[in-house]
Amino acid sequence: MTTGPSLKFLEFVGGRAIGFFGSLGRYFTLVWWMIRNAYNARENPRVVFHQMVQIGNDSIPIVVFVSAFVGMVTAVQSDHQLYDWIPRTVVGSLVIKSVLLELTPLLTALVLAGKVGATITAEIGSMRVTEQIDALEALGFDSISYLVTPRVVAGVVMFPVLIVFGDLVALLGGLFGAVTVTHISAGAFVNGMKSSFAIWDALFGIIKATFFGYTITSIACFQGYYVEGGSEGVGKATMATVVFACLAVVVMDFLIASLLL
Amino acid sequence: MISIRDIRKSFGEKQVLHGVSFDVRDKETMVVLGKSGCGKSVLLKMVIGMMKPDAGSIEVDGKDIAALSYPDLRRLRFRFGFLFQGAALFDSMTVAENISLPMYRHAEYRESDIRERVRFALSLVGLEHAEHLMPSSLSGGMKKRAGLARALASAPRYMLYDEPTTGLDLETADGINRLINDLRTKLGVTSILVTHDLRSAFLVGDRFAILDQGRTLMTGTREEIQKSKNEDVQKYISSSLSTSGGTLP
């Protein structure tokens, strides 16, 4: 006969599994609705533009800050790891490869999962708990096409732009770090970058950014759209967005690298 | 005309509505009375298809809401104005933007028409000065009035009011009640108003439906309700009177 604690354990595991698959089902239902009714989003071009500004323009300072330091630290650590007999032009090669393929897309996405993801969930979530989403529906709007689709479209469009911008800043940061801290000449660093530059590396980062943009914004919208439990619920959903978006980004990072490299 | 027939609704294992039925005639204000949590707001959301009943039917102008496709449902919603309990103003927009938002979706409205309609809606609710204010700077009563202006701006045929006077002081609540009556007189809208406030209900209602334990206890005019011999109805009136200060208008 099943004992008390093991029954409770089974209940716990079963409850969590049902909760997880239930959430997954609701997420895909939301995405399906968004795709099926994407045509309705044409009614709200100003909202799409506004979201592109909010996600893109407003994220530039944090992307510049993170990317600059990513570039600098990559240059310094690359130099640190090289044997003395290896020519220092290799530092430029290492920086450009690391920055374009991995560091800028991944670290920028993780930072934006916090900034953009949390903002979206808090915005939509507070609209849910104050009946503003119900009000949109009552006024004849398709609330998903008005709130979710523009944010996801803006994420998919603006994340690659931000990553390209971040790549440029990170490379400049790498140059600055190499010249000021490790005392490599600018010429040697740039020559190293030129010798290793491949357009595919930049494209790979852009492809990743597109997926990251979709993942972060769709998770954030989902968490906000289905908030329950008032302002406390909004807080929990915002935290869940940051956690799940970061986890999804690192998993997706691995999957894309495995498939495309 | 709105016809509500034997509506049932459960949330999980909790059954909220056990069979609610009543009709709302053209140009009348039907007040749905009942204690908090008895499913009044749920019923209101079902009328515009924001929630689906488990059983029963709701017909608006002869059309079954449950049978409508989503595009048809959205079109039907243009005929409705909805005043939410907390007004539900979009807090990132000014009062004027809140009111004009739904009109930008109609191709027939020009910019000048929209501005004119916004001003007209604000004048109806006495908020001419609040056009450029943000919802966060409005008082509770002003928010309700702004919400009402938004609901009215598209000239709806039907108005749905969810607890329009809850959370307001007596004077402000009376102001909202007067406004609801004025709007019916001036615009001739058909309304459903849900409330647990008997005093406000008698100020604005033509007919009343009392919900108790998820069922329609009685429908009728004020006189019919007050003269009813049904013990549960009398019990409801006396308990509502004690919470509303013991006086009726």
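The values are calculated or read from the model by the stated rules, or taken from the named source; none is laboratory data. In this text the structure is predicted, and so the values were computed from the model without any measurement. Cβ coordinates were reconstructed from backbone atoms using ideal geometry, including for glycine residues, and neighbour counts include every protein chain displayed.
Those residues that are more than 10 Å from chain B (Cβ to nearest Cβ) and either farther than 14 Å from B:ALA87 by Cα or in a loop (DSSP other than H, G, I, E, B) (or both), I need them from the stretch A:120-130; list them, please. Outline the logic, then answer.
Here is the first cut: in the stretch A:120-130, the residues more than 10 Å from chain B (Cβ to nearest Cβ) are A:120-122, A:124-125, A:128.
Within the stretch A:120-130, A:ILE120, A:THR121, A:ALA122, A:ILE124, A:GLY125 qualify.
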#### Entry: Flag if A:ILE133 is at the interface with another protein chain (Cβ under 10 Å from one of its Cβ atoms), aliphatic (A, V, I, L, M) and part of a helix (DSSP H, G or I)
yes
### Query
Regarding A:LEU136, is this residue within 16 Å of the chain's Cα centre (by Cα) and either within 27 Å of B:SER136 (Cβ to Cβ) or touching a residue at least 12 places away in the same chain (Cβ under 8 Å) (or both)?
no
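If you check B:THR216 against the conditions, is it of a type outside the set (A, V, I, L, M), under 24 Å from B:PHE80 (Cβ atoms), more than 16 Å from the chain's Cα centre (by Cα) and surrounded by fewer than 21 Cβ atoms within 10 Å (Cβ to Cβ)?
Values: of a type outside the set (A, V, I, L, M): yes; under 24 Å from B:PHE80 (Cβ atoms): yes; more than 16 Å from the chain's Cα centre (by Cα): yes; surrounded by fewer than 21 Cβ atoms within 10 Å (Cβ to Cβ): yes.
Criteria met by B:THR216.
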### Query
Somewhere in the stretch B:6-26, is a residue within 12 Å of chain A (Cβ to nearest Cβ), over 23 Å from B:LEU183 (Cα atoms) and part of a loop (DSSP other than H, G, I, E, B)?
no
### Query
Can you spot a residue in the stretch B:167-184 that is within 14 Å of another protein chain (Cβ to nearest Cβ), out of contact with any helix residue (DSSP H, G or I) (no Cβ under 6 Å at 6 or more places or on another chain) and either farther than 28 Å from B:MET30 by Cα or not small (Gly, Ala, Ser) (or both)?
no
### Query
Of all residues in the stretch B:27-42, which are within 14 Å of chain A (Cβ to nearest Cβ) and aliphatic (A, V, I, L, M)?
B:VAL42
### Query
Which of the residues that make up the stretch A:77-119 are in contact with a Leu (Cβ under 9 Å, 6 or more places away or on another chain) and either under 30 Å from B:PRO102 (Cβ atoms) or outside any helix (DSSP H, G or I) (or both)?
A:LEU82, A:ARG88
### Summary
Among the residues of the stretch B:28-71, the number that are surrounded by 14 or more Cβ atoms within 10 Å (Cβ to Cβ) and basic (Lys, Arg) is 3
### Query
Would you pick out the residues in the stretch A:181-228 that are more than 22 Å from A:VAL63 (Cα to Cα) and either polar (S, T, N, Q) or in contact with a strand residue (DSSP E or B) (Cβ under 9 Å, 6 or more places away or on another chain) (or both)?
A:THR182, A:SER185, A:ASN191, A:SER195, A:SER196, A:GLN223
#### Entry: For B:LYS52: the one exception among (1) in contact with a Lys or Arg (Cβ under 6 Å, 6 or more places away or on another chain); (2) more than 20 Å from B:PRO102 (Cβ to Cβ); (3) within 14 Å of chain A (Cβ to nearest Cβ); (4) not polar (S, T, N, Q)
(1)
### Query
Would a scan of the stretch B:94-113 turn up a residue that is in contact with a Ser or Thr (Cβ under 8 Å, 6 or more places away or on another chain), under 24 Å from A:ILE124 (Cβ atoms) and at pLDDT below 95?
yes
### Task
Find the helices (runs of 4 or more DSSP H) located wholly in the stretch B:65-135 whose residues include 1 or more that are within 10 Å of chain A (Cβ to nearest Cβ), and list them.
B:70-77, B:95-100
### Query
Which of the residues belonging to the stretch B:155-182 are under 20 Å from B:PHE78 (Cβ atoms) and buried (at least 21 other Cβ atoms within 10 Å of the Cβ)?
B:TYR158, B:MET159, B:LEU160, B:TYR161, B:ASP162
### Message
Can you go through A:PHE165, A:PHE204, A:PHE244, A:PHE212 and tell me which one is in contact with a Phe, Trp or Tyr (Cβ under 6 Å, 6 or more places away or on another chain), part of a helix (DSSP H, G or I) and buried (at least 17 other Cβ atoms within 10 Å of the Cβ)?
### Response
A:PHE212
## Note on the structure
Within the stretch A:1-58, the count of residues that are more than 27 Å from the chain's Cα centre (by Cα) and of a type in the set (Gly, Ala, Ser) comes to 4
### Query
Any residue at all in the stretch A:150-160 that is closer than 26 Å to A:VAL91 by Cα, touching a residue at least 12 places away in the same chain (Cβ under 8 Å) and of a type outside the set (Asp, Glu)?
yes
### Message
For the stretch B:101-115, check the following and say yes or no: at least one residue is surrounded by 13 or more Cβ atoms within 10 Å (Cβ to Cβ) and of a type in the set (Gly, Ala, Ser).
### Response
no
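Which of the residues spanning the stretch B:147-167 are among the small types (Gly, Ala, Ser), assigned to a loop (DSSP other than H, G, I, E, B) and under 23 Å from B:ARG105 (Cβ atoms)?
Narrowing the stretch B:147-167 to residues among the small types (Gly, Ala, Ser): B:147, B:149, B:151, B:153-155, B:167.
Then drop every residue that is not assigned to a loop (DSSP other than H, G, I, E, B), which leaves B:153-155, B:167.
Passing the criteria: B:ALA153, B:SER154, B:ALA155.
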### Summary
Of (1) touching a residue at least 40 places away in the same chain (Cβ under 8 Å); (2) within 14 Å of another protein chain (Cβ to nearest Cβ), A:LYS97 fails just (2)
